[in-house]
1. Can you find, within region 230-253, the residue that is surrounded by the fewest Cβ atoms within 10 Å (Cβ to Cβ) among those that are out of contact with any helix residue (DSSP H, G or I) (no Cβ under 7 Å at 6 or more places or on another chain) and charged (D, E, K, R)?
2. Can you go through ALA313, ALA369, ALA291, ALA327 and tell me which one is surrounded by fewer than 17 Cβ atoms within 10 Å (Cβ to Cβ), at pLDDT 95 or above, hydrophobic (A, V, I, L, M, F, W, C) and assigned to a helix (DSSP H, G or I)?
3. When you scan region 275-288, how many residues do you find that are in contact with a Ser or Thr (Cβ under 7 Å, 6 or more places away or on another chain) and open to solvent by 10 Å² or more (accessible area, probe 1.4 Å)?
4. Filter region 1-21 for residues that are of a type in the set (A, V, I, L, M, F, W, C) and out of contact with any Asp or Glu (no Cβ under 7 Å at 6 or more places or on another chain) and give the result.
5. Of the residues GLU256, GLU199, which single one is in a loop (DSSP other than H, G, I, E, B), touching a helix residue (DSSP H, G or I) at 6+ places or on another chain (Cβ under 9 Å) and surrounded by fewer than 18 Cβ atoms within 10 Å (Cβ to Cβ)?
6. Looking at region 8-36, which of its residues are open to solvent by less than 40 Å² (accessible area, probe 1.4 Å) and farther than 23 Å from SER113 by Cβ?
7. Tell me, please, whether a residue that is open to solvent by 70 Å² or more (accessible area, probe 1.4 Å) and touching a residue at least 12 places away in the same chain (Cβ under 8 Å) can be found in region 120-131.
8. Is it the case that SER374 is modelled with pLDDT under 95 and among the polar types (S, T, N, Q)?
Amino acid sequence: MSKDFAATIIQTLRQQGFQAYLAGGCVRDLLLRREPADYDVATSATPAQVMEIFPETYAVGAQFGVVLVPLPEDQRTPSDESVISKTRAVEVATFRSDLGYSDGRRPDEVRFSQDPREDVARRDFTINGMMLDPVSSEVLDFVGGRKDLDAGIIRAIGDPRRRFAEDKLRMLRAVRFAARFEYAIEAETLVAIQGLAHEIEVVSRERVRDELTKMLTEGHARRAFLLLDESGLLKEVLPEISLMKGVAQPPEFHPEGDVFVHTLLLLENLPQPCPPTLAWGALLHDVGKPATFRVAPDRIRFDNHVEVGVKIAEGICERLRFSNHDASQVLALVDNHMRFGHVTRMKESTLKKFLRLPGFEEHLALHRADSLASHGNLSTYELVRAKLAEIPPEKIRPAALVTGDDLIASGYAPGPRFREILDAVEDAQLEGRLLSREAAIEFVRREFPL
């Protein structure tokens with residue numbers, strides 16, 4: 001989405017006698033010389049007036065003064081499947097003040113305004129409360145946003161307790177912005193979060209999940225989770241991660257410190273950009289350790305922490321309403337992260353099956369980050385990379401030499417034994433001991449006589 005299209009909307013609104021400016025996060029990003037993800041326009045025109053001026057609009061939140069103005073058809077690309085997406089449309093919002101937030105998320109009522117000061121006063125943080133004239137480059141700053149931007153401060157607009165009471169998700173957003181920009185949360189704002197952190201439970205789990213996912217994938221996850229902990233939000237949204245604090249690990253394997261320290265260091269070593277499932281798998285990979293901690297005669301141990309961790313991670317994915325696809329990959333990452341320690345002792349067939357796990361590149365990335373956050377030894381990582389490079393894909397996942405139909409044709413009765421036979425054939429094939437269908441049938445008759 002280009003700044004030029006947003007500027008055209010602003011000019012058109014002004015030609016019709018209305019005030020209009022760029023507003024919100026795009027202004028912040030432009031002042032930081034970052035490319036905004038999208039552009040928002042604030043105007044004195046009502047939603048009805050905006051829709052009259054721009055006939056092809058989408059009233060996605062007209063009751064709150066918000067409509068989307070899509071890119072003209074000649075500026076759309078073939079990949080633009082839906083012009084409603086904010087990446088292909090500009091959000092145009094009427095100046096407004098909000099009256100009451102009984103659900104802690106959306107205003108009970110809005111009052112449209114002609115004064116941009118009223119509109120800014122109901123926004124979340126000063127750095128997001130500026131407006132910009134794209135023609136003159138004049139910045140309208142009624143809340144000290146530019147000063148806080150220069151000082152690196154996240155400060156709520158007005159009374160922070162009131163801002164957070166209006167929308168509890170803003171507490172998580174304060175943490176995310178502070179982490180993303182490496183800013184400090186202003187003292188009064190932080191105290192308000194600490195006092196209201198327990199009220200985050202009223203926010204939908206999907207919104208919490210999405211905010212946490214952004215923290216995990218924007219490149220500053222370690223700082224984000226330290227701030228979550230300091231703010232009191234961590235024990236409210238992810239108590240399972242909070243329990244990692246103070247859980248000691250055997251120093252011969254984890255000289256870096258406890259499970260919480262290790263996990264945050266691991267997050268710091270994730271690749272960028274980072275797939276959300278990898279980020280969540282990394283966060284949860286050792287989530288079973290607090291529940292399985294014990295001090296044995298020889299050293300600290302975490303018996304069955306993988307199995308326990310998978311169950312805990314499954315509960316988290318359900319609570320935060322992950323899609324089935326994403327939950328499956330996150331759980332697979334937790335379930336398999338210790339298997340890299342056995343790579344040098346794996347049979348060829350076991351190794352190939354390991355390498356063909358769905359999304360294996362994420363498993364490998366997690367292992368690399370895990371190693372860097374503990375002993376620092378990447379020899380297994382390099383060995384697996386070399387195996388992936390030298391083994392052709394068709395050797396990792398070859399076409400089956402024998403099927404269930406072949407077994408039936410050979411006189412075998414369908415049943416649980418089929419899986420055992422087919423697995424044995426596949427293992428022999430992966431190890432290079434069976435190269436043809438005929439050899440495979442002979443192998444079955446010899447090893448599994450009727």
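1. Once the filter is applied, the top-ranked residue is GLU252.
2. ALA291
3. 1
4. PHE5, ALA6, ALA7, ILE9, ILE10, LEU13, PHE18, ALA20
5. None of the others qualify; the one that does is GLU256.
6. ASP29, PRO36
7. Within region 120-131, not a single residue is open to solvent by 70 Å² or more (accessible area, probe 1.4 Å) and touching a residue at least 12 places away in the same chain (Cβ under 8 Å).
8. Answer is yes for this residue.
The values are calculated or read from the model by the stated rules, or taken from the named source; none is laboratory data. These numbers were taken from a predicted model, which means no experiment stands behind them. All Cβ positions, even for glycine, are placed from backbone atoms using ideal geometry, and neighbour counts span all protein chains on display. When the accessible area is computed, the model is the full protein with side chains, heavy atoms only, and any ligands, DNA or RNA have been set aside. Shrake-Rupley method; radii C 1.70, N 1.55, O 1.52, S 1.80 Å.
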